[in-house]
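Working notes, structure below.
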Amino acid sequence: MVSVRYNKASLQHNKHLYFLNSSMDILNKTKRKCNSTSRILVAALLLTVVLILFKLSPDLISPNVFSRQEPGVTHVLVTGGAGYIGSHAALRLLKDSYRVTIVDNLSRGNMGAVKILQKLFPEPGRLQFIYADLGDAKTVNKFFAENAFDAVMHFAAVAYVGESTLEPLRYYHNITSNSLVVLEAMAAHNVKTLIYSSTCATYGEPTKMPITEETPQMPINPYGKAKKMSEDIIIDFSKTTNMAVMILRYFNVIGSDPDGRLGEAPRPELREHGRISGACFDAARGITPGLKVRGTDYKTADGTCVRDYIDVTDLVHAHVLALANAKPGKVGIYNVGTGKGRSVKEFVEACKKATGVEIKVDYLSRRPGDYAEVFSDPSKIRDELNWTARHTDLQESLEIAWKWQKAHLNGYGPSMAMA
């Protein structure tokens, strides 16, 4: 699958080549009629034409910029960069002048998000998209060989707790096996920096809150187990190399780009397993008859699950800081959360206010694999990376996300905005 930007570039190159060929025809005719002095002038004119073409389209003469390293330019591979979090991370990296390659098989991601990024950053050498599955080791090694990556941000993963209990083998393959493929390719092609997208699900259901990085990891669902296995592989491998590794264990992600360019648009068939914010918005839009809250008998203040909701803007900022602070031969592990737990009932009330819709709520039995209470202690990332969650108003984050939802009724496809 070829990036839209490359198609435009190809057309531009053809125009330049036509210009060069036409110039050569004129010069050949002129040379037959010119004396020696004129030939010097012709040669100077030809050199000028070549220099102009080089400035207009250096790729005609130089190799693909993504295949070579350049001083002062950091080239980041973003796996899963067409997904919700990955696309927001790619946007932030591009805004910060990184060179970005997105790799995604689009099984959960959206090409529409990539196209928006391509329109925002059309300059040559800024962004490319590669359609590939990380489970195909041959393909992965091929695009590593063809590109000069300085770092990898590894987001690509299936990521629904409930779904993981129904399809455990899929989760172990997609998360753990694919992470191993990425690591092997990094080792083979001498890519020394990895920022790994992990999860608080690796902690399971701790007996003590808040969760610190020293809290024992005892995951209770295949999603959390697969992520922990990946962490273990990464840490073990790092001990034999000089790799710079940052592992970010984040909590429940909400919100969207404050400027309204990107949002969350999961597949319709995944609504049952999706994030609570998506379920709230679907109910508010009338796509579903109401919101299903699973579990009201947990040992929490109001009986519903308690979670730490982190805005996606804060989350990608943590990734950028992790990349900037990654050190060779070191592994940094950080919780990324607000440090404050909110119950599902609190979340629903905030969503009602954000959307202005009195959402119907059905209270059902517990969902397999869920845990009662999880919220972070973000002291370590604050002290070591100078990161603090800034978007902590739950209703405000939901209002921003709701604005995008109303303007994109069909996700990244054609849609008419709600009134």
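Among the residues of region 189-221 satisfying the criterion of being within 18 Å of Asn325 (Cβ to Cβ) and in a strand (DSSP E or B), which is farthest from the chain's Cα centre (by Cα)?
Restricting to residues being within 18 Å of Asn325 (Cβ to Cβ) and in a strand (DSSP E or B), the top hit is Thr193.
Can you name every residue in region 242-293 that is under 29 Å from Glu384 (Cβ atoms), of a type in the set (Ser, Thr, Tyr) and surrounded by fewer than 21 Cβ atoms within 10 Å (Cβ to Cβ)?
Answer for region 242-293, where residues must be under 29 Å from Glu384 (Cβ atoms), of a type in the set (Ser, Thr, Tyr) and surrounded by fewer than 21 Cβ atoms within 10 Å (Cβ to Cβ): there is none.
Identify, from the list Ala350, Ala318, Ala324, the residue that is among the small types (Gly, Ala, Ser), open to solvent by 30 Å² or more (accessible area, probe 1.4 Å), out of contact with any Pro (no Cβ under 8 Å at 6 or more places or on another chain) and modelled with pLDDT of 95 or more.
After ruling out the rest, the residue left standing is Ala324.
Tell me yes or no: at least one residue of region 373-389 is out of contact with any Leu (no Cβ under 9 Å at 6 or more places or on another chain), modelled with pLDDT under 95 and surrounded by fewer than 22 Cβ atoms within 10 Å (Cβ to Cβ).
yes
Looking at Gly278, Gly274, Gly224 in this structure, which one is assigned to a helix (DSSP H, G or I) and closer than 24 Å to Thr355 by Cα?
Exactly one of Gly278, Gly274, Gly224 is assigned to a helix (DSSP H, G or I) and closer than 24 Å to Thr355 by Cα, namely Gly278.
Right, Ile333: β-branched (Val, Ile, Thr), modelled with pLDDT of 95 or more, under 23 Å from Gly278 (Cα atoms) and open to solvent by less than 40 Å² (accessible area, probe 1.4 Å) or not?
Against the criterion (β-branched (Val, Ile, Thr), modelled with pLDDT of 95 or more, under 23 Å from Gly278 (Cα atoms) and open to solvent by less than 40 Å² (accessible area, probe 1.4 Å)), Ile333 does not qualify.
Do any residues in region 331-348 that are closer than 17 Å to Ile359 by Cα have Cβ atoms under 6 Å from those of residues that are open to solvent by less than 20 Å² (accessible area, probe 1.4 Å) and outside any helix (DSSP H, G or I), where the two are at least six apart or on different chains, and which pairs are they?
Ser343/Thr304; Ser343/Val306; Val344/Val293; Val344/Thr304; Val344/Cys305; Lys345/Thr304
If you check Val152, Val181, Val161, Val191, which single one turns out to be at pLDDT below 95, surrounded by 17 or more Cβ atoms within 10 Å (Cβ to Cβ), closer than 26 Å to Ile333 by Cα and not aromatic (Phe, Trp, Tyr)?
Result: Val161 is the single residue among Val152, Val181, Val161, Val191 that is at pLDDT below 95, surrounded by 17 or more Cβ atoms within 10 Å (Cβ to Cβ), closer than 26 Å to Ile333 by Cα and not aromatic (Phe, Trp, Tyr).
Might you let me know whether region 111-122 holds any residue that is assigned to a loop (DSSP other than H, G, I, E, B), without any contact (Cβ under 8 Å) to a residue 40 or more places away in the chain and not charged (D, E, K, R)?
Yes: region 111-122 contains one or more residues that are assigned to a loop (DSSP other than H, G, I, E, B), without any contact (Cβ under 8 Å) to a residue 40 or more places away in the chain and not charged (D, E, K, R).
The values are calculated or read from the model by the stated rules, or taken from the named source; none is laboratory data. Just so it is clear, the structure is predicted and the values come from calculations on it, not from any experiment. Please note: Cβ atoms are built from the backbone with ideal geometry, for glycine as well, and neighbour counts cover all protein chains shown. Just the protein is used for accessible areas: all its heavy atoms, side chains included, with ligands, DNA and RNA removed. Shrake-Rupley method; radii C 1.70, N 1.55, O 1.52, S 1.80 Å.
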